[in-house]
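So the structure is just underneath, and the comments pick up after that.
The values are calculated or read from the model by the stated rules, or taken from the named source; none is laboratory data. Keep in mind the model is a prediction, meaning the values are calculated, not measured. Virtual Cβ from ideal backbone geometry, glycine too; neighbours counted across all protein chains shown.
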Amino acid sequence: MNEKPRQRRPAFDRERGIAIAQAMFHQRGFDAVSLADLTEAMNIKPPSFYAAYGSKAELFERAMHRYAGENALPMDRLLAPDRPPAEALTSLLVAAAQQYGRDSALRGCLITEGMRADDPVARNTAEKFGDAGIQAIRRYLDQVCPDAAQALADYMLITLRGLSAAACSGMSSERLVDVARIAGRLLAHELEASDSAADSGATEHGRYPGRISDQ
């Protein structure tokens, strides 16, 4: 009696594994995804997992790279130097709000939420990716609003993190966008107030301070 030929197991697709992990980390958060969860979802054993990715934290970094490549906002277009600053910054907030709320399962920003991880290695990884984004905003602000760059960068960071947290809590895309637009209008008002103060020589040295507005 002839033996049935053994079926070869399909070769493990590492990139597909990263995509699976990215979705799991995004949906649940780094700390809530266990090694057992990952190996079960990928249909591999722990030794194969370690051979492919090294560790859960290293896999998280690869997932971050993949997420950033797929979801990076077009900063060069949104923050074009020829646009009025309030318009440019508002467009960035609205684009982020739309992105954070567009997927009913994968809410918010993986990078922003990764900064809340209890695991220090994962948290540090997320912070590095997050810092790259905020530094791009800061470089733009240094060019167009140098005297208020720090305050404006802080405002943008806090607003973006708040939008991500609200998306993770289930706020609809429409409501997120409404909030982003309101934040943009407040930003425009403060910039106008700062410009008026600077034009009227409201400060001792003819420059408004490193706050958005003293009004």
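A few comments on the model shown:
- Just one residue in the set Glu127, Glu58, Glu113, Glu87 is in the same structural domain as Ile18 (by TED's automatic domain parsing) and modelled with pLDDT of 95 or more; that residue is Glu58.
- The one condition in (1) on the phi < 0 side of the Ramachandran plot; (2) out of contact with any helix residue (DSSP H, G or I) (no Cβ under 6 Å at 6 or more places or on another chain) that Gly170 fails to fulfil: (1)
- Note on the stretch 14-89: enclosed helices (runs of 4 or more DSSP H) holding 2 or more residues that are under 22 Å from the mean Cα position of the chain (by Cα) and either closer than 30 Å to Ser194 by Cβ or without any contact (Cβ under 8 Å) to a residue 60 or more places away in the chain (or both) are 14-28, 56-71, 75-78.
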